[in-house]
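Asks: Can you read through this structure? Questions will come right after.
Only the coordinates and a few stated rules stand behind these numbers; no lab work does. Worth saying up front: this structure is predicted, and the values here are computed from it rather than measured. All Cβ positions, glycine included, derive from the backbone under ideal geometry; neighbour counts span all protein chains shown.
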Amino acid sequence: MPVKRTYAHFGDACRAANALDLVGDRWALIVVRELLLGPRRFADLQETVRGITPAVLTDRLRSLQQAGIVEQVTLADLPRTRAYAATEWGRGLEPVLGALGRWYSAGPDPSTSGGMTPDATVLAMRAMAPPAPGDLPATALRLYDARRPDPPLRDYHLAAVDRALDIRPGVAANPVATVTSESTTWNEVLFGSRPLADAERDGTVHVDGDRNTVERVVRLYVEASELDECRARKRPSAPGSVFPRSERSARSGTRRRPR
């Protein structure tokens with residue numbers, strides 16, 4: 001196997017370049033993304049990191065462990081099962097991923113294709129979390145990825161904390177509403193391209209409990225997205241573009257998808 005040449009090897013002392021030596025390989029950041037909100041087994045990562053082979057996943061996990069970004073753990077409910085989790089330092093990559101998503105969303109063509117895993121959707125919610133009124137009660141969120149065979153449900157909860165929307169993994173305590181949704185559909189509802197009522201009609205989103213609270217959460221994200229678009233239209237178009245930003249967004253067929 002050839003020796004990997006790094007930016008540091010070539011004498012580049014830039015810390016961004018040295019960071020890319022650790023997470024710049026294809027799929028490395030995607031593996032980290034799927035470990036930021038909790039541990040995953042190797043088989044889970046094979047399902048959620050789309051397109052990766054077992055050999056490449058093994059290599060990326062080894063490299064990330066050697067760098068101190070990922071560590072092996074045992075699951076509390078399955079003590080003999082080996083899993084992987086982001087270290088405390090590795091979890092510091094969450095705002096990096098969020099910044100990359102916002103950078104892409106502000107580009108000349110922010111459209112994307114494919115789907116979103118549950119954790120990717122929740123990380124996008126956290127990255128784009130709008131201010132929230134203090135009286136917004138707790139809501140449970142249960143997401144699944146319809147691209148997986150017999151997909152498991154992933155539990156999250158959200159509520160207003162210090163007038164900010166706080167979204168975390170885990171089961172909610174006494175939620176006023178529960179949203180069960182396909183993860184890509186929920187991403188589309190929140191970021192403005194699909195009305196909640198339409199998703200409910202086709203069965204990809206189901207709301208139990210206080211629907212008004214769920215509508216308030218959706219409205220917070222949609223209004224924040226519209227505000228971002230308004231600000232973007234006031235900025236100059238990207239150099240070399242023949243379309244103004246507003247027309248480019250319309251042509252892309254989507255408002256923004258942070259990841």
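Asks: Out of segment 18-96, which trypsin sites (Lys or Arg not before Pro) are coil in DSSP terms and have no more than 14 other C-beta atoms within 10 Å?
Replies: ARG26, ARG41, ARG50, ARG80
Asks: How much length would be gained if the chain were fully extended between LEU20 and ARG102, taking 0.36 nm per residue of separation minus their Cα-Cα distance, in nm to one decimal?
Replies: Extra length available between LEU20 and ARG102 comes to 27.6 nm.
Asks: What FRET efficiency, computed as 1/(1 + (r/R0)^6) with R0 = 30 Å and r the Cβ-Cβ distance, is obtained for THR112 and ASN174, rounded to the nearest 0.05?
Replies: The computed FRET efficiency comes out at 0.25.
Asks: I've got another one for you. Taking amide H atoms as placed 1.01 Å from N in the peptide plane, list the residues 5 or more away in sequence, or in a different chain, whose amide H sits under 5 Å from that of ALA132.
Replies: When sequence neighbours closer than 5 places are left aside, the close amide H contacts are ALA164, LEU165.
Asks: Simple spin-label model, 7 Å along Cα-to-Cβ: ASP202 to PHE10 in nm?
Replies: The two pseudo-label positions are separated by 4.5 nm.
Asks: Let me check against my output: what whole-number percent is the relative contact order of segment 114-235, with C-alpha pairs under 8 Å and at least 6 apart?
Replies: It rounds to 25 percent for segment 114-235.
Asks: In addition: State whether the chain is rounded, prolate or oblate according to the following rule on the C-alpha gyration tensor (a ≥ b ≥ c being the square roots of its eigenvalues): a/c under 1.5 gives rounded; otherwise a/b larger than b/c gives prolate, and the remaining case gives oblate.
Replies: Verdict is oblate for the chain.
Asks: Let me ask something additional. Pick from GLY192, GLY90, GLY209 the residue whose mean-square fluctuation is largest in a GNM of the chain, springs joining Cα atoms under 10 Å.
Replies: Its mean-square fluctuation being the largest, the pick is GLY209.
Asks: Separate question: Between ALA76 and ARG91, with labels modelled 7 Å along Cα→Cβ, what's the label distance in nm to one decimal, could you check?
Replies: A separation of 1.3 nm, rounded to one decimal place.
Asks: Please identify which residues in segment 1-39 have an amide N closer than 17 Å to a label point set 7 Å out from the Cα of ASP59, following the Cα→Cβ vector.
Replies: Under 17 Å, as judged by backbone N against the label point of ASP59, lie 1-7, 21-32 of segment 1-39.
Asks: Let me ask something else. Filter the chain for me: DSSP H helices, axial length by Cα at least 24 angstrom, mean Kyte-Doolittle hydropathy not below -1.0. List them by residue number. Please list the in-between numbers first.
Replies: Numbers: long enough: 211-234 (35 Å, -0.82).
Length and hydropathy pass: 211-234.
Asks: Continuing with this model, one more query. May I ask you to sort PHE42, PHE191, PHE10 by Cβ crowding, counting other Cβ atoms within 10 Å and putting the fewest first?
Replies: Placing the least packed residue first, the sequence is PHE10, PHE42, PHE191.
Asks: So, one more: Shape verdict for segment 114-235, please, from the Cα gyration tensor: rounded (a/c under 1.5), prolate (a/b greater than b/c) or oblate.
Replies: Oblate, because a/c is 1.5 or more while a/b does not exceed b/c.
Asks: Take the chain, connect every pair of alpha-carbon atoms lying under 10 Å apart with a spring to form a Gaussian network, then pick out the residue of ALA67, ALA83, ALA19 with the largest mean-square fluctuation.
Replies: ALA19
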